[in-house]
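Right, one structure below, let's go through it.
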Amino acid sequence: MQLSSKSRHFDYLVVGAGFAGATFAAQMARLGKSVVVVERRSHIGGNAYDYYDGAGVLVHRYGPHIFHTNSEDVFDFLSQFTEWRDYEHRVLASVGGHLVPIPINLDTVNTLHGLSLAEGELEGYLASISEPRPSIRTSEDVIVSRVGRDLYEKMFQTYTRKQWGLDPSQLDASVAARIPVRFNRDDRYFSDAYQKMPLHGYTHMFENMLDHPLITLILSTDYRDVIRELAYADLIYSGPVDEYFNCRYGKLPYRSLRFKHESVAQEQFQSAPVINYPNEHNYTRITEFKYLTGQIHPKTSIVYEYPCDDGDPYYPVPRTENALLYKQYEALADVTPQVHFIGRLATYRYYNMDQVVAQALQLCAKLTGQSRSYLIRPRSAAGVAAVAG
Ligand code: FAD
Ligand code: UDP
(Lines give C-alpha, C1' and ligand atoms only; values in the text may rest on other atoms or scores of the structure.)
(Ligands and ions follow the chains in the order given, each with its own letter.)
Protein backbone atom coordinates (compact mmCIF):
# COMPACT_ATOMS: atom_id res chain seq x y z
CA MET A 1 0.00 0.00 0.00
CA GLN A 2 1.28 3.48 -0.88
CA LEU A 3 0.86 6.22 1.69
CA SER A 4 1.06 9.48 -0.16
CA SER A 5 1.50 11.99 2.63
CA LYS A 6 1.41 12.62 6.31
CA SER A 7 -2.07 13.97 5.88
CA ARG A 8 -3.38 11.55 8.45
CA HIS A 9 -2.00 11.53 11.95
CA PHE A 10 -2.21 8.32 13.99
CA ASP A 11 -2.03 8.03 17.75
CA TYR A 12 -0.03 4.81 17.39
CA LEU A 13 2.13 3.11 14.79
CA VAL A 14 2.13 -0.61 15.62
CA VAL A 15 4.82 -2.83 14.13
CA GLY A 16 3.57 -6.40 13.71
CA ALA A 17 0.08 -7.88 13.39
CA GLY A 18 0.62 -10.86 15.70
CA PHE A 19 -0.95 -11.27 19.14
CA ALA A 20 1.02 -8.37 20.61
CA GLY A 21 0.30 -5.84 17.85
CA ALA A 22 -3.30 -6.89 17.16
CA THR A 23 -4.24 -6.90 20.85
CA PHE A 24 -2.79 -3.45 21.32
CA ALA A 25 -4.49 -2.10 18.21
CA ALA A 26 -7.87 -3.68 19.00
CA GLN A 27 -7.94 -2.41 22.56
CA MET A 28 -6.73 1.09 21.75
CA ALA A 29 -9.13 1.51 18.82
CA ARG A 30 -11.97 0.59 21.15
CA LEU A 31 -10.73 3.30 23.49
CA GLY A 32 -10.99 5.82 20.66
CA LYS A 33 -7.35 5.93 19.52
CA SER A 34 -6.29 5.76 15.88
CA VAL A 35 -3.78 3.06 15.00
CA VAL A 36 -1.82 2.10 11.92
CA VAL A 37 -0.53 -1.48 11.96
CA VAL A 38 2.39 -2.33 9.66
CA GLU A 39 3.17 -6.01 9.07
CA ARG A 40 5.97 -7.27 6.88
CA ARG A 41 4.37 -10.62 6.19
CA SER A 42 1.52 -10.86 3.68
CA HIS A 43 -0.91 -11.89 6.42
CA ILE A 44 -2.12 -11.02 9.91
CA GLY A 45 -1.91 -13.27 12.99
CA GLY A 46 1.87 -13.48 13.36
CA ASN A 47 2.94 -17.00 14.20
CA ALA A 48 -0.62 -18.00 15.04
CA TYR A 49 -1.73 -17.52 11.42
CA ASP A 50 -3.92 -20.34 10.06
CA TYR A 51 -5.35 -20.98 6.61
CA TYR A 52 -7.12 -23.64 4.54
CA ASP A 53 -4.53 -25.63 2.60
CA GLY A 54 -4.92 -26.99 -0.95
CA ALA A 55 -6.99 -29.91 0.32
CA GLY A 56 -9.31 -27.61 2.25
CA VAL A 57 -7.98 -28.52 5.71
CA LEU A 58 -7.40 -25.72 8.25
CA VAL A 59 -3.70 -25.73 9.20
CA HIS A 60 -1.34 -23.52 11.21
CA ARG A 61 1.48 -22.29 8.98
CA TYR A 62 3.92 -21.85 11.87
CA GLY A 63 3.19 -24.99 13.87
CA PRO A 64 0.45 -26.04 16.31
CA HIS A 65 -1.12 -23.27 18.39
CA ILE A 66 -3.39 -24.24 21.27
CA PHE A 67 -4.91 -21.49 23.36
CA HIS A 68 -4.71 -21.99 27.12
CA THR A 69 -4.81 -19.53 29.99
CA ASN A 70 -5.69 -19.06 33.63
CA SER A 71 -6.49 -15.41 33.01
CA GLU A 72 -10.17 -14.55 32.88
CA ASP A 73 -9.22 -11.06 31.63
CA VAL A 74 -7.36 -12.44 28.64
CA PHE A 75 -10.08 -14.96 27.87
CA ASP A 76 -12.79 -12.27 28.10
CA PHE A 77 -10.80 -9.89 25.93
CA LEU A 78 -10.37 -12.43 23.11
CA SER A 79 -13.96 -13.64 23.47
CA GLN A 80 -15.06 -10.31 21.98
CA PHE A 81 -13.58 -11.50 18.71
CA THR A 82 -14.25 -15.21 18.53
CA GLU A 83 -16.43 -18.03 19.64
CA TRP A 84 -14.58 -20.99 21.06
CA ARG A 85 -14.32 -24.72 20.70
CA ASP A 86 -13.56 -26.68 23.88
CA TYR A 87 -10.32 -28.55 23.30
CA GLU A 88 -7.97 -30.24 25.75
CA HIS A 89 -4.66 -30.95 24.11
CA ARG A 90 -2.99 -34.34 24.43
CA VAL A 91 0.49 -35.39 23.32
CA LEU A 92 2.14 -38.80 23.07
CA ALA A 93 5.88 -39.42 22.96
CA SER A 94 7.43 -42.22 20.93
CA VAL A 95 9.91 -43.93 23.26
CA GLY A 96 11.45 -47.37 22.79
CA GLY A 97 8.60 -48.62 20.61
CA HIS A 98 5.88 -47.30 22.96
CA LEU A 99 3.62 -44.29 22.63
CA VAL A 100 3.40 -42.82 26.13
CA PRO A 101 1.75 -39.71 27.57
CA ILE A 102 3.80 -36.53 27.98
CA PRO A 103 3.67 -34.79 30.53
CA ILE A 104 4.93 -37.83 32.42
CA ASN A 105 2.08 -39.43 34.37
CA LEU A 106 1.32 -42.79 35.98
CA ASP A 107 0.85 -44.53 32.62
CA THR A 108 4.12 -43.15 31.27
CA VAL A 109 6.12 -44.51 34.19
CA ASN A 110 4.33 -47.86 34.33
CA THR A 111 4.88 -48.42 30.60
CA LEU A 112 8.51 -47.31 30.42
CA HIS A 113 9.57 -49.00 33.67
CA GLY A 114 7.44 -52.14 33.29
CA LEU A 115 5.54 -51.48 36.53
CA SER A 116 1.92 -51.54 37.65
CA LEU A 117 1.96 -48.80 40.26
CA ALA A 118 -1.33 -47.46 41.56
CA GLU A 119 -2.05 -43.71 41.76
CA GLY A 120 -0.97 -43.29 45.36
CA GLU A 121 2.38 -45.00 44.70
CA LEU A 122 3.89 -42.88 41.93
CA GLU A 123 5.06 -39.95 44.04
CA GLY A 124 7.07 -42.23 46.35
CA TYR A 125 8.48 -44.16 43.40
CA LEU A 126 9.65 -41.02 41.64
CA ALA A 127 11.17 -39.76 44.88
CA SER A 128 13.15 -43.00 45.09
CA ILE A 129 14.61 -42.66 41.57
CA SER A 130 15.04 -38.88 41.40
CA GLU A 131 18.40 -37.17 41.90
CA PRO A 132 18.18 -34.45 44.52
CA ARG A 133 19.83 -31.19 43.43
CA PRO A 134 20.83 -28.50 45.92
CA SER A 135 19.52 -25.80 43.61
CA ILE A 136 17.40 -25.89 40.47
CA ARG A 137 19.11 -23.69 37.88
CA THR A 138 19.01 -25.60 34.61
CA SER A 139 16.47 -27.67 32.70
CA GLU A 140 18.51 -30.76 33.53
CA ASP A 141 18.17 -29.94 37.24
CA VAL A 142 14.40 -29.66 36.89
CA ILE A 143 13.91 -33.03 35.25
CA VAL A 144 16.40 -35.26 37.06
CA SER A 145 15.30 -33.88 40.42
CA ARG A 146 11.69 -34.75 39.61
CA VAL A 147 11.83 -38.02 37.67
CA GLY A 148 15.42 -39.27 37.72
CA ARG A 149 18.02 -39.83 35.03
CA ASP A 150 16.41 -42.65 33.06
CA LEU A 151 13.20 -40.78 32.22
CA TYR A 152 15.24 -37.63 31.65
CA GLU A 153 17.35 -39.40 29.05
CA LYS A 154 14.41 -41.16 27.42
CA MET A 155 12.06 -38.19 27.18
CA PHE A 156 13.89 -34.88 27.58
CA GLN A 157 17.59 -34.85 26.89
CA THR A 158 17.66 -35.62 23.17
CA TYR A 159 14.42 -33.78 22.41
CA THR A 160 15.87 -30.68 24.03
CA ARG A 161 19.17 -31.03 22.18
CA LYS A 162 17.23 -31.22 18.92
CA GLN A 163 14.86 -28.38 19.76
CA TRP A 164 17.46 -25.92 21.01
CA GLY A 165 20.81 -27.21 19.75
CA LEU A 166 21.77 -27.15 23.45
CA ASP A 167 21.89 -29.70 26.25
CA PRO A 168 19.27 -29.20 29.01
CA SER A 169 22.17 -28.37 31.33
CA GLN A 170 22.79 -25.26 29.17
CA LEU A 171 19.20 -23.99 29.34
CA ASP A 172 17.35 -22.19 32.11
CA ALA A 173 15.15 -24.26 34.38
CA SER A 174 12.12 -22.38 33.06
CA VAL A 175 12.22 -24.24 29.73
CA ALA A 176 11.67 -27.77 31.08
CA ALA A 177 9.52 -26.32 33.88
CA ARG A 178 6.85 -25.68 31.24
CA ILE A 179 6.08 -29.41 31.37
CA PRO A 180 4.59 -30.67 34.66
CA VAL A 181 4.78 -34.18 36.15
CA ARG A 182 1.49 -35.75 37.17
CA PHE A 183 1.06 -38.44 39.82
CA ASN A 184 -2.27 -39.57 38.39
CA ARG A 185 -3.52 -40.58 34.93
CA ASP A 186 -4.35 -37.04 33.73
CA ASP A 187 -2.84 -36.94 30.24
CA ARG A 188 -3.73 -33.37 29.26
CA TYR A 189 -0.79 -31.29 28.02
CA PHE A 190 -1.94 -28.16 29.83
CA SER A 191 -3.45 -27.62 33.28
CA ASP A 192 -5.01 -24.17 32.67
CA ALA A 193 -8.58 -23.24 33.53
CA TYR A 194 -9.37 -22.19 29.94
CA GLN A 195 -8.29 -24.57 27.16
CA LYS A 196 -9.93 -23.66 23.86
CA MET A 197 -9.49 -23.14 20.15
CA PRO A 198 -11.01 -20.21 18.25
CA LEU A 199 -14.04 -21.81 16.61
CA HIS A 200 -13.37 -20.41 13.15
CA GLY A 201 -9.59 -20.28 13.46
CA TYR A 202 -7.01 -17.73 14.58
CA THR A 203 -6.94 -15.70 11.37
CA HIS A 204 -10.68 -15.16 11.56
CA MET A 205 -10.28 -13.97 15.15
CA PHE A 206 -7.51 -11.56 14.09
CA GLU A 207 -9.69 -10.22 11.26
CA ASN A 208 -12.31 -9.34 13.86
CA MET A 209 -9.71 -7.76 16.14
CA LEU A 210 -8.39 -5.51 13.39
CA ASP A 211 -11.76 -4.72 11.82
CA HIS A 212 -12.33 -1.24 13.22
CA PRO A 213 -12.71 2.18 11.57
CA LEU A 214 -9.83 3.54 13.67
CA ILE A 215 -7.40 0.79 12.52
CA THR A 216 -5.46 1.03 9.27
CA LEU A 217 -3.63 -2.16 8.27
CA ILE A 218 -0.65 -2.21 5.92
CA LEU A 219 0.56 -5.71 4.96
CA SER A 220 3.70 -6.93 3.17
CA THR A 221 5.59 -3.86 4.35
CA ASP A 222 8.57 -3.41 6.64
CA TYR A 223 7.79 -0.46 8.89
CA ARG A 224 11.21 1.02 8.13
CA ASP A 225 10.14 1.49 4.51
CA VAL A 226 7.11 3.62 5.40
CA ILE A 227 7.96 5.19 8.73
CA ARG A 228 8.91 8.53 7.18
CA GLU A 229 5.57 8.69 5.42
CA LEU A 230 3.58 8.20 8.62
CA ALA A 231 2.74 10.73 11.28
CA TYR A 232 2.17 9.22 14.71
CA ALA A 233 2.68 9.95 18.39
CA ASP A 234 4.04 6.65 19.75
CA LEU A 235 5.55 3.55 18.17
CA ILE A 236 4.61 0.09 19.44
CA TYR A 237 7.19 -2.46 18.32
CA SER A 238 6.70 -6.26 18.38
CA GLY A 239 9.58 -7.39 16.14
CA PRO A 240 12.96 -8.68 17.35
CA VAL A 241 14.41 -6.16 19.81
CA ASP A 242 18.02 -6.48 18.61
CA GLU A 243 16.88 -5.71 15.05
CA TYR A 244 15.23 -2.48 16.21
CA PHE A 245 18.60 -1.28 17.48
CA ASN A 246 20.51 -2.56 14.42
CA CYS A 247 22.12 -5.28 16.58
CA ARG A 248 24.21 -2.63 18.35
CA TYR A 249 25.36 -5.05 21.04
CA GLY A 250 25.42 -8.10 18.77
CA LYS A 251 22.70 -10.48 17.61
CA LEU A 252 20.37 -12.01 20.18
CA PRO A 253 20.02 -15.75 19.56
CA TYR A 254 16.57 -16.88 18.45
CA ARG A 255 15.81 -20.50 17.59
CA SER A 256 14.01 -21.17 14.33
CA LEU A 257 12.03 -24.05 12.84
CA ARG A 258 11.55 -25.42 9.37
CA PHE A 259 7.98 -26.63 8.87
CA LYS A 260 7.22 -29.47 6.48
CA HIS A 261 3.49 -29.49 5.74
CA GLU A 262 1.88 -32.54 4.14
CA SER A 263 -1.60 -33.41 2.99
CA VAL A 264 -2.43 -37.09 3.42
CA ALA A 265 -5.18 -38.90 1.48
CA GLN A 266 -6.67 -40.65 4.48
CA GLU A 267 -9.03 -39.51 7.20
CA GLN A 268 -6.62 -39.94 10.11
CA PHE A 269 -2.82 -40.05 10.13
CA GLN A 270 -1.81 -40.71 13.74
CA SER A 271 -3.35 -41.71 17.08
CA ALA A 272 -2.91 -38.36 18.84
CA PRO A 273 -3.01 -34.63 17.97
CA VAL A 274 0.76 -34.40 18.45
CA ILE A 275 3.35 -37.15 18.64
CA ASN A 276 6.77 -36.17 19.97
CA TYR A 277 9.91 -37.97 18.83
CA PRO A 278 12.48 -37.37 21.54
CA ASN A 279 15.05 -39.84 20.26
CA GLU A 280 14.41 -40.60 16.59
CA HIS A 281 14.42 -38.43 13.45
CA ASN A 282 15.59 -34.84 12.88
CA TYR A 283 12.13 -33.47 13.58
CA THR A 284 10.80 -33.05 17.10
CA ARG A 285 7.10 -33.64 16.57
CA ILE A 286 4.28 -34.27 14.11
CA THR A 287 0.97 -32.46 14.49
CA GLU A 288 -2.29 -33.54 12.89
CA PHE A 289 -4.42 -30.40 12.72
CA LYS A 290 -7.90 -31.89 12.50
CA TYR A 291 -7.65 -32.99 16.15
CA LEU A 292 -7.09 -29.35 17.14
CA THR A 293 -9.74 -27.80 14.95
CA GLY A 294 -12.38 -30.55 15.04
CA GLN A 295 -12.73 -30.30 11.27
CA ILE A 296 -14.40 -33.26 9.56
CA HIS A 297 -12.72 -33.96 6.21
CA PRO A 298 -11.90 -37.10 4.19
CA LYS A 299 -8.24 -36.02 3.99
CA THR A 300 -5.94 -34.91 6.77
CA SER A 301 -3.00 -32.50 7.06
CA ILE A 302 0.11 -32.75 9.20
CA VAL A 303 3.23 -30.74 9.92
CA TYR A 304 6.73 -31.85 10.90
CA GLU A 305 8.92 -29.42 12.87
CA TYR A 306 12.66 -29.37 12.19
CA PRO A 307 14.52 -27.05 14.58
CA CYS A 308 17.31 -24.91 13.14
CA ASP A 309 19.34 -21.78 13.83
CA ASP A 310 18.68 -19.85 10.62
CA GLY A 311 15.30 -18.64 9.49
CA ASP A 312 12.48 -16.63 11.03
CA PRO A 313 13.01 -16.06 14.76
CA TYR A 314 10.48 -18.14 16.71
CA TYR A 315 11.94 -18.79 20.15
CA PRO A 316 14.08 -16.62 22.42
CA VAL A 317 16.69 -18.96 23.93
CA PRO A 318 16.41 -18.81 27.74
CA ARG A 319 19.92 -18.99 29.21
CA THR A 320 22.00 -16.68 31.35
CA GLU A 321 24.28 -15.18 28.71
CA ASN A 322 21.31 -14.33 26.47
CA ALA A 323 19.44 -12.77 29.38
CA LEU A 324 22.47 -10.56 30.02
CA LEU A 325 22.65 -9.47 26.40
CA TYR A 326 18.90 -8.82 26.38
CA LYS A 327 19.28 -6.67 29.52
CA GLN A 328 21.52 -4.33 27.49
CA TYR A 329 18.83 -3.99 24.83
CA GLU A 330 16.14 -3.62 27.49
CA ALA A 331 18.09 -0.76 29.08
CA LEU A 332 18.26 0.91 25.69
CA ALA A 333 14.54 0.30 25.11
CA ASP A 334 13.74 1.87 28.48
CA VAL A 335 15.37 5.15 27.48
CA THR A 336 13.99 5.26 23.93
CA PRO A 337 11.21 7.81 24.16
CA GLN A 338 7.84 7.24 22.51
CA VAL A 339 8.73 3.64 21.62
CA HIS A 340 7.21 0.68 23.50
CA PHE A 341 8.30 -2.93 23.15
CA ILE A 342 5.83 -5.81 23.48
CA GLY A 343 5.63 -9.46 22.51
CA ARG A 344 7.78 -12.54 22.44
CA LEU A 345 10.52 -11.18 20.20
CA ALA A 346 10.62 -7.58 21.40
CA THR A 347 10.83 -8.47 25.10
CA TYR A 348 12.83 -11.67 24.51
CA ARG A 349 10.55 -13.83 26.64
CA TYR A 350 9.40 -17.40 25.97
CA TYR A 351 5.77 -16.25 26.20
CA ASN A 352 2.66 -18.15 25.29
CA MET A 353 -0.11 -16.37 23.41
CA ASP A 354 -2.06 -15.48 26.54
CA GLN A 355 0.99 -13.89 28.16
CA VAL A 356 1.52 -11.75 25.07
CA VAL A 357 -2.12 -10.63 25.11
CA ALA A 358 -1.79 -9.77 28.80
CA GLN A 359 1.41 -7.83 28.18
CA ALA A 360 -0.22 -5.82 25.38
CA LEU A 361 -3.30 -5.07 27.52
CA GLN A 362 -0.96 -4.01 30.32
CA LEU A 363 0.71 -1.51 28.02
CA CYS A 364 -2.70 -0.16 26.94
CA ALA A 365 -3.63 0.28 30.61
CA LYS A 366 -0.35 2.07 31.31
CA LEU A 367 -0.66 4.43 28.36
CA THR A 368 -4.25 5.28 29.19
CA GLY A 369 -3.50 5.84 32.86
CA GLN A 370 -5.33 2.82 34.29
CA SER A 371 -3.85 1.10 37.30
CA ARG A 372 -5.23 -2.33 36.43
CA SER A 373 -2.81 -5.25 36.11
CA TYR A 374 -3.22 -7.90 33.44
CA LEU A 375 0.18 -9.54 33.63
CA ILE A 376 0.42 -13.33 33.91
CA ARG A 377 3.36 -14.72 35.78
CA PRO A 378 5.35 -17.37 33.89
CA ARG A 379 5.42 -20.74 35.66
CA SER A 380 8.31 -20.50 38.11
CA ALA A 381 11.02 -23.13 38.07
CA ALA A 382 11.16 -23.25 41.86
CA GLY A 383 7.52 -24.19 42.24
CA VAL A 384 7.49 -26.93 39.66
CA ALA A 385 8.17 -29.97 41.79
CA ALA A 386 5.04 -31.64 40.50
CA VAL A 387 1.42 -31.08 39.74
CA ALA A 388 -0.47 -33.76 41.55
CA GLY A 389 -4.11 -33.28 40.75
P1 FAD B 1 4.70 -12.74 16.44
O2 FAD B 1 3.56 -13.67 16.28
O3 FAD B 1 6.07 -13.21 16.02
O4 FAD B 1 4.34 -11.39 15.66
C5 FAD B 1 5.28 -10.39 15.40
C6 FAD B 1 5.00 -9.87 14.01
O7 FAD B 1 5.82 -8.73 13.75
C8 FAD B 1 5.33 -10.87 12.92
O9 FAD B 1 4.17 -11.18 12.15
C10 FAD B 1 6.40 -10.19 12.09
O11 FAD B 1 6.29 -10.47 10.71
C12 FAD B 1 6.17 -8.72 12.40
N13 FAD B 1 7.37 -7.90 12.22
C14 FAD B 1 8.59 -8.11 12.76
N15 FAD B 1 9.45 -7.15 12.36
C16 FAD B 1 8.76 -6.32 11.52
C17 FAD B 1 9.10 -5.18 10.77
N18 FAD B 1 10.35 -4.70 10.76
N19 FAD B 1 8.13 -4.56 10.05
C20 FAD B 1 6.86 -5.05 10.03
N21 FAD B 1 6.49 -6.17 10.70
C22 FAD B 1 7.42 -6.80 11.44
N23 FAD B 1 1.62 -20.20 22.32
C24 FAD B 1 0.55 -20.73 22.96
O25 FAD B 1 -0.05 -20.05 23.81
N26 FAD B 1 0.09 -22.00 22.70
C27 FAD B 1 0.70 -22.80 21.76
O28 FAD B 1 0.28 -23.94 21.53
C29 FAD B 1 1.84 -22.28 21.06
N30 FAD B 1 2.48 -23.03 20.14
C31 FAD B 1 3.54 -22.50 19.48
C32 FAD B 1 4.16 -23.31 18.52
C33 FAD B 1 5.25 -22.81 17.80
C34 FAD B 1 5.91 -23.68 16.78
C35 FAD B 1 5.71 -21.48 18.05
C36 FAD B 1 6.87 -20.93 17.28
C37 FAD B 1 5.10 -20.69 19.01
C38 FAD B 1 4.01 -21.19 19.73
N39 FAD B 1 3.35 -20.41 20.68
C40 FAD B 1 2.27 -20.94 21.37
C41 FAD B 1 3.79 -19.03 21.01
C42 FAD B 1 3.03 -18.00 20.18
O43 FAD B 1 3.30 -18.19 18.82
C44 FAD B 1 3.51 -16.60 20.62
O45 FAD B 1 3.33 -16.41 22.00
C46 FAD B 1 2.78 -15.48 19.90
O47 FAD B 1 2.46 -15.77 18.56
C48 FAD B 1 3.66 -14.24 19.97
O49 FAD B 1 2.99 -13.14 19.39
P50 FAD B 1 3.83 -11.82 19.05
O51 FAD B 1 2.85 -10.85 18.52
O52 FAD B 1 4.66 -11.45 20.21
O53 FAD B 1 4.88 -12.27 17.94
N1 UDP C 1 10.45 -31.15 26.11
C2 UDP C 1 11.13 -32.35 25.99
N3 UDP C 1 10.46 -33.45 25.56
C4 UDP C 1 9.15 -33.41 25.21
C5 UDP C 1 8.46 -32.19 25.33
C6 UDP C 1 9.15 -31.07 25.77
O7 UDP C 1 12.33 -32.42 26.26
O8 UDP C 1 8.59 -34.46 24.81
C9 UDP C 1 11.20 -29.97 26.61
C10 UDP C 1 11.95 -29.27 25.44
O11 UDP C 1 13.12 -28.69 25.93
C12 UDP C 1 10.94 -28.24 25.02
C13 UDP C 1 10.41 -27.77 26.39
O14 UDP C 1 10.31 -29.01 27.13
O15 UDP C 1 11.54 -27.20 24.31
C16 UDP C 1 9.09 -27.06 26.35
O17 UDP C 1 8.15 -27.85 25.66
P18 UDP C 1 6.85 -27.20 24.98
O19 UDP C 1 6.02 -28.31 24.45
O20 UDP C 1 6.24 -26.26 25.94
O21 UDP C 1 7.51 -26.41 23.78
P22 UDP C 1 6.86 -25.52 22.60
O23 UDP C 1 5.46 -26.04 22.37
O24 UDP C 1 6.92 -24.11 23.09
O25 UDP C 1 7.77 -25.77 21.45
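The values are calculated or read from the model by the stated rules, or taken from the named source; none is laboratory data. Fair warning: this is a prediction, and the values are worked out from it, not measured in the lab. Virtual Cβ from ideal backbone geometry, glycine too; neighbours counted across all protein chains shown. Heavy atoms of the whole protein, side chains included, go into the accessibility calculation; ligands, DNA and RNA do not. Shrake-Rupley method; radii C 1.70, N 1.55, O 1.52, S 1.80 Å.
Tabulated data
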| quantity | calculated |
| --- | --- |
| Formal net charge of residues neighbouring Val59 (Cβ-Cβ distance under 9 Å; K, R +1; D, E -1) | -1 |
| Burial ranking of peptide ranges 210-218, 102-110 (average Cβ count within 10 Å, highest at the top) | 102-110, 210-218 |
| Top positive-direction residue, dipole computed over the chain with Cβ charges, set Ile342, Leu117, Gly97 | Ile342 |
| Binned Cα-Cα distances of the chain, short to long, each 20 Å bin given as a whole percent | 26, 57, 16, 1 |
| Counting DSSP beta bridges with both ends in the chain, the antiparallel % (nearest 5) | 60 |
| log₁₀ of I(q)/I(0) at q = 0.13, 0.17, 0.21 Å⁻¹ - region 1-119, Debye sum with one point per alpha carbon | -0.78, -1.03, -1.24 |
| Solvent exposure ordering (accessible area, 1.4 Å, most first) of Lys299, Lys327 | Lys327, Lys299 |
| Residue-wise HN-Hα coupling along region 60-70, computed from phi with Karplus coefficients 6.51, -1.76, 1.60 (Hz; x: Gly, Pro) | 9, 4, 10, x, x, 10, 10, 7, 8, 7, 9 |
| Proximal lysines to Lys154, defined as alpha-carbon separation beneath 20 angstrom and excluding residues fewer than eight positions away on the same chain | Lys162 |
| Phi to ³J(HN,Hα) by Karplus 6.51 cos²θ - 1.76 cosθ + 1.60 over region 78-84, Hz, x for Gly, Pro | 5, 5, 5, 10, 8, 8, 10 |
| Val356, Val335, reordered so the largest accessible area comes first (probe 1.4 Å) | Val335, Val356 |
| Region 105-177 - accessible surface per residue (Å², probe 1.4 Å) | 42 |
| Net charge dipole size for region 105-177 [Lys, Arg +1 and Asp, Glu -1 on Cβ; Debye, nearest 20] | 280 |
| Dipole magnitude (debye, nearest 20) for the chain, charges at Cβ of Lys, Arg, Asp, Glu | 640 |
| Computed [θ] at 222 nm, deg cm²/dmol, the chain (DSSP H ≥ 4; -39,500 (n - 2.57); rounded to nearest 500) | -8000 deg cm²/dmol |
| Amide H contacts of Arg255 (H built 1.01 Å from N, under 5 Å, at least 5 apart or other chain) | Tyr314, Tyr315, Val317 |
| Cα-based reach from Lys299 at 12 Å (exclusive), listing aspartates and glutamates while leaving out same-chain residues under 8 positions away | Asp53, Glu262, Glu267, Glu288 |
| Surface share of carbon and sulfur [accessible, 1.4 angstrom probe, percent] for region 105-177 | 48 |
| Under the Karplus curve 6.51 cos²θ - 1.76 cosθ + 1.60, θ = phi - 60°, whole-Hz ³J(HN,Hα) for region 320-330, x wherever Gly or Pro sits | 4, 4, 6, 4, 5, 5, 4, 4, 5, 5, 5 |
| Packing-based order for 127-138, 252-263, 23-34, 237-248, using average beta carbon neighbours within 10 Å, highest first | 23-34, 237-248, 252-263, 127-138 |
| Solvent exposure, largest accessible area first (probe 1.4 Å, DNA, RNA and ligands not counted), of Phe183, Phe269, Phe10 | Phe269, Phe183, Phe10 |
